[in-house]
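> The following block contains the structure, expressed as structure tokens.
The values are calculated or read from the model by the stated rules, or taken from the named source; none is laboratory data. Predicted, not measured: the structure shown is a model, and the values here were computed from it. Reconstructed Cβ throughout: ideal geometry from the backbone, glycine too, with neighbour counts over all protein chains shown.
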């Protein structure tokens, strides 16, 4: 009996691997849980990596080195920060509303993480494929505004409240522009052979695959303008530079997370980076072809497919080589022995991952995830670059830009995209009334 | 789909989810009217709206559920919270609640209760025909064809109404145009 | 502040819980501890929502009684104290003081000393403007130029350290000339610095001048007209950005500035963006001056014949120089003894700070920070 059940279980697990649906669509609970766990772990690692990358990249842009002491080249710095934040005293302001104070970071993290259910890392590599995928993502990320308003309120102090209201006003304003840009991209999905568009994230990427062009290049320059509008709106949506007035230290009103310390603050921070990754995922899926490899038309054919499928393994091997190179360049002093060994060990781990990724069976499955992650990583770099380069917008200029510049642009792009998409039909109806 | 029947998911969970979600909505609704702190009431209302969105999902209307989350929970409730927080800064929540309209309130509650009982007794026969076919994948398309086809006029009138409301609010609130 | 519009005397600022007469007005305190006030400056803002109706500066948190100390030190002993006033541009302070006492003593520094003084003072102007640029950009949100300007400022500080042993409070000059002869390789290092630095100004400009966000944050912010500048006594780049071509190096030349060929950059509008452009152009002009000074550095003694015990004849004198922040003036009254009777310093930041109220009227709160940054004040100078 037990053996039979085991056999059934194994068959259940294996049967899914050969299907072509996402686990949620197939109703396969085991794999759903596996994917959720993978998303959770992957997101946490991504946030930790983002923390380190942001400090290092920003530092290198500012002609300095960034963290170098905690671990080789500061690689253990995010872990040290996390431990420090966990060990800090949990301060709750005296008159604060404890229930709301407790719930606010929870709400923001919930919104930031739930969004990843529909993010498509590959044609079958999403937790589920809702047919309202993009609508779900926009909706749930608008729930994080609630968390911010709650955080400002619960702090029971004027300046965090004003900061929270400003922050949420900014987020709500730029959601409108984001929505219009998203609708322009959705309109483009309906221009495929079957004639119906789709809101499902996997369907959008498959529409790009079918039409043979990434939507950023479609109806040039309309796709580009829509992408640009979304790119600006998403930076404002996540309260990052140059739209970070609400959390800047040199302004009068403090940010909404002023009264939060320790682990609660780190939850806000986690949610901010997750939200950044989430909106970048939307941008990548809608305009940059999701998991599709670059140049599918220009460099097509099985040899090019092979070359592009080697990219994940080669990337990891390259990172491993960089680790070894820097390990060799470490100072030859007894104090640095552990760091050198650590860096070399890290390089070995990366190298092994790279070698595993060169195996054909793994290659096929992993390359979609790799291209998606690479594109999202490019967006993360852009975020950090903006922070290092741009001054901050004043709040009224920020709101002006959201309502008076991006919104009309979004409307214009939407109308022009719809016209361009229906042009054959319009032409036909003009000449054959 | 080669899925073993022992692990088949579909209809077993539905009553459970329905009762759970309805329970959440009821409890949330009661919390809305019984809390002293208006921010707590607003948050309870948000839970009610989210549970309602889940019920829409169960009715095979994912588009309506998504729009409910975006507009209601993420837009209108944020507006509510803004107003509560900006107006209520000095803790007027500590006021005592008052119950001076109990006669009218009871009459309204009894009438509503009678309505619920009537619906329960009559069951599905209240609605003359099925409004929409319940294929989940088509919900967005179906809503779109209806909204922009059959009900186009009503849609435009509704948006014009909203525009008038926005302009009216701006005119009334600004100190000078 | 005797202007009735901005006087806050009808408000009781000590007990702010008392209700105010005007319900729309909010009084906010930008306390002495604030990351953007460039020192311990307290600004009390009267706001209507986001708009500034007026403000009042409360100063004195850094008052150290420098002028009183001056009455109890000999002229030579007082020399190190003047560095600590405008600690960002210490060399200029020393230049002003030494020249004033030299005028009192009817002594003139030898030409070589004057050329070296010009080189060091202009390097000081560059260092001060670099610090201004870094901190001003940081306040407005551009966090990167700070690191670039400080990296380049290091080179100037290295030259100072090699010359007189100190980076910040240099005490570089003596009454009558210089104490130290320039070190071996001084001219070579200054020339290397100039060729290193010239493209850096372009680097700073590339980051900010045409940056749309920078322009929006600084254009039409903190406008002050030429008439108001002159009425309030505002000098320095603030005055020049409002259109008045007044620079003491040309108008009342000192320390052999007549021998050098340079321009006075001015702008028309008097807003923050113009002040930024004027200071960037001044940096380029300083580079020109240093170049010419290093080319034409004469040989000779560096110290004039000055008595060991200085007893200037009784009298008074006012002498001012063009410090990086404006007109820095010294008014010294001597009663014939070894210690001055009165040393009064006219710091440029103190007088420029008066204009803050006028410049911030009608601006938003976020602009107040930009305006404080653009005035380029140093609290050590304001309070003394």
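> Being outside any helix (DSSP H, G or I), within 21 Å of residue C:205 (Cβ to Cβ) and either free of Cβ contacts under 8 Å to residues at least 60 places away in the same chain or over 18 Å from the mean Cα position of the chain (by Cα) (or both), is that true of even one residue in the stretch C:242-263?
Yes: the stretch C:242-263 contains one or more residues that are outside any helix (DSSP H, G or I), within 21 Å of residue C:205 (Cβ to Cβ) and either free of Cβ contacts under 8 Å to residues at least 60 places away in the same chain or over 18 Å from the mean Cα position of the chain (by Cα) (or both).
> Taking residue C:172 and the conditions (1) under 23 Å from residue C:297 (Cβ atoms); (2) over 22 Å from the mean Cα position of the chain (by Cα), which numbered condition does it fall short on, given that it satisfies the others?
(2)
> Would you be able to tell me the number of residues in the stretch A:87-117 that are surrounded by 15 or more Cβ atoms within 10 Å (Cβ to Cβ) and within 11 Å of chain B (Cβ to nearest Cβ)?
8
> Quick one: residue C:319 ticks every box in (1) over 27 Å from residue C:101 (Cβ atoms); (2) modelled with pLDDT of 90 or more bar one, so which box is it?
Checking residue C:319 against (1) over 27 Å from residue C:101 (Cβ atoms); (2) modelled with pLDDT of 90 or more, the one that fails is (1).
> Quick one: would you say residue B:52 is at pLDDT 90 or above, facing chain A (nearest Cβ under 10 Å), in contact with a helix residue (DSSP H, G or I) (Cβ under 9 Å, 6 or more places away or on another chain) and in a helix (DSSP H, G or I)?
no
> Next question. Among what's in the stretch C:36-91 and is within 13 Å of chain A (Cβ to nearest Cβ) and without any contact (Cβ under 8 Å) to a residue 40 or more places away in the chain, pick the residue that is nearest to residue C:329 (Cα to Cα).
Going through the qualifying residues, I end up with C:44.
> So, one more: Can you name the residue in the stretch B:55-89 that is in a helix (DSSP H, G or I) and touching a residue at least 60 places away in the same chain (Cβ under 8 Å) and, of all such residues, is farthest from the other protein chains (Cβ to nearest Cβ)?
B:64
> Return the total of residues in the stretch A:115-147 being part of a helix (DSSP H, G or I) and within 26 Å of residue A:161 (Cα to Cα).
9
> For the condition without any contact (Cβ under 8 Å) to a residue 60 or more places away in the chain and either within 30 Å of residue C:364 (Cα to Cα) or in the same structural domain as residue A:55 (by TED's automatic domain parsing) (or both), what is the one hit in A:396, A:305?
That would be A:396, the only listed residue that is without any contact (Cβ under 8 Å) to a residue 60 or more places away in the chain and either within 30 Å of residue C:364 (Cα to Cα) or in the same structural domain as residue A:55 (by TED's automatic domain parsing) (or both).
> Quick one: count up the residues across the stretch A:383-403 that are under 20 Å from residue A:169 (Cα atoms) and more than 13 Å from chain C (Cβ to nearest Cβ).
Going through the stretch A:383-403 one residue at a time, the tally reaches 2.
> Just checking, how many residues over the stretch B:55-69 are surrounded by 22 or more Cβ atoms within 10 Å (Cβ to Cβ) and either touching a strand residue (DSSP E or B) at 6+ places or on another chain (Cβ under 9 Å) or closer than 17 Å to residue A:146 by Cα (or both)?
Going through the stretch B:55-69 one residue at a time, the tally reaches 2.
> Additional query: Taking the stretch A:165-194 on its own, how many of its residues are within 11 Å of chain B (Cβ to nearest Cβ), modelled with pLDDT under 85 and closer than 27 Å to residue A:21 by Cα?
Qualifying residue count for the region: 1.
> Tally up the residues in the stretch A:43-60 that are buried (at least 17 other Cβ atoms within 10 Å of the Cβ) and within 13 Å of chain C (Cβ to nearest Cβ), please.
Of the residues in that region, 5 qualify.
> Right, next: Going by the conditions given, is residue C:299 surrounded by fewer than 21 Cβ atoms within 10 Å (Cβ to Cβ), assigned to a strand (DSSP E or B) and more than 19 Å from the chain's Cα centre (by Cα)?
Taking the combined requirement at face value, the residue does not satisfy it.
> Related question: So which residues in the stretch A:62-77 are surrounded by fewer than 17 Cβ atoms within 10 Å (Cβ to Cβ) and within 14 Å of chain C (Cβ to nearest Cβ), if there are any at all?
Answer for the stretch A:62-77, where residues must be surrounded by fewer than 17 Cβ atoms within 10 Å (Cβ to Cβ) and within 14 Å of chain C (Cβ to nearest Cβ): A:63, A:64, A:65.
> Kindly check whether there is at least one residue in the stretch A:333-352 that is away from chain C (no Cβ under 14 Å) and outside any helix (DSSP H, G or I).
Yes, because at least one residue in the stretch A:333-352 is away from chain C (no Cβ under 14 Å) and outside any helix (DSSP H, G or I).
> For residues that are within 12 Å of chain A (Cβ to nearest Cβ) and either touching a residue at least 24 places away in the same chain (Cβ under 8 Å) or out of contact with any helix residue (DSSP H, G or I) (no Cβ under 8 Å at 6 or more places or on another chain) (or both), scanning just the stretch C:142-176, find the one that is farthest from residue C:308 (Cα to Cα).
Only one residue tops the list, namely C:142.
> For the stretch A:259-292, give me each residue that is modelled with pLDDT under 85 and surrounded by fewer than 23 Cβ atoms within 10 Å (Cβ to Cβ).
Selection gives A:259, A:261, A:262.
> Follow-up question, since we're still on this one. Could you identify the single residue in C:270, C:222 that is within 14 Å of another protein chain (Cβ to nearest Cβ), at pLDDT below 90 and crowded, with 21+ Cβ neighbours inside 10 Å?
C:222
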